[in-house]
Amino acid sequence: MKSSQSSSSAAGLSINKVKYSRLAADDDGYIDLQFRRSPPRIPYKAIALAIFLFLVGSLLIIFGALLLSGTIEVEHPDRTIPVIIIGLLVFLPGFYHLRIACYAAKGYRGYSYEDIPDFGD
């Protein structure tokens, strides 16, 4: 009889894997566990888009600067300024969101993955 009790109690422990938390000593109805935030999901698609925008914008700015300086010969030099402007418009949001992602990954205070817009999966 003694061996059946020990095997049933051992079986009961292996089945029950629910984690419980201790109730608060004061009876105001709240526990600290309900105010804990779950770790934020990392928006991989948004970070990939930010990297893409950062790289394309950087290339357009560099290419526009080379066109403007005359290092690359062009037939119509008046078309170099729009390349730089488009490069800046693409570079800035990519840089901004990539900076937030880097700071959130390092755990800096005030930066979170929740600040990056997610596309929803």
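None of the figures in this text is laboratory data; all of them are computed from the coordinates on show. Bear in mind that the values here come from a model prediction, so they are computed numbers and not experimental data. As a convention, Cβ positions derive from the backbone with ideal geometry for all residues, glycine included, and neighbour counts pool all protein chains shown.
Against the test of being hydroxyl-bearing (Ser, Thr, Tyr) and part of a helix (DSSP H, G or I), the options Tyr103, Tyr108 yield a single qualifying residue, Tyr103. Among residues of the range 49-73 that are part of a loop (DSSP other than H, G, I, E, B), those with a Cβ under 8 angstrom from a residue that is surrounded by 15 or more Cβ atoms within 10 Å (Cβ to Cβ), sequence gap 6+ or separate chain, pair up as Ile72/Phe63.
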